[in-house]
Amino acid sequence: MVVGLGINDFSTALNPGEPWADLDALAADYRTAYLGFLDELRARYGKSTSIVLTYPTMSNATALADSVQQVVRQRNSQGDGRVKALHYDNAALGLDLLGCDWHPSLHDHKALAGALGSFIAGLPLRW
């Protein structure tokens, strides 16, 4: 299972009226919600399902990357070794981000699919 959450949450500055005082508060809530979501996925799909959390390079912050890595470390430290993280390094993959509003282009989607396929091929999966 592949999950990619949080890009929109961390791609823009916080605005007045949002419930978080700062980026640290947003990141803390994000991690709590992500851990809860993983609990739901585990309950539904069982312990044997591998879950890959993806996150891209973001030019404006490392809060997303740090948060995803913390979520994976916490799950792993609790004995859930089938939760992994995959960082998409935009520069290394040669992404052009020429889709609307800096979204991936068709070229980028092919590169991302290749990176994801290679990562999944390295997991101890039994089909």
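We did not get these values from a lab; they are worked out from the coordinates using the rules stated. Computed from a prediction, not measured in an experiment: that's the story for all the values here. All Cβ positions, glycine included, derive from the backbone under ideal geometry; neighbour counts span all protein chains shown.
A compact table of results
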read-out: Choice from L112, L98, L23 showing the highest fluctuation, given a GNM over the chain with Cα pairs closer than 10 Å; value: L98
read-out: Trypsin sites (Lys or Arg not before Pro) restricted to DSSP loop in the range 1-99 with at most 14 other C-beta within 10 Å; value: K47
read-out: Distribution of pairwise C-alpha distances over the range 63-127, 10 Å bins, in %; value: 19, 37, 33, 11, 0
read-out: Overall dimensions of the chain as given by Cα atoms, namely Rg and Dmax in Å; value: 15.5, 48
read-out: Coil-residue chymotrypsin sites (Phe, Trp or Tyr not before Pro) of the range 19-69, DSSP, other Cβ within 10 Å capped at 12; value: none
read-out: Most mobile listed residue (L97, L116, L53) in the chain, GNM with C-alpha springs under 10 Å; value: L97
read-out: The chain: calculated mean residue ellipticity at 222 nm from DSSP helix runs of at least 4, using -39500 (n - 2.57); value: -15500 deg cm²/dmol
read-out: Kyte-Doolittle mean at least 0.5 and Cα axial length at least 20 Å: DSSP H helices in the chain; value: 106-121
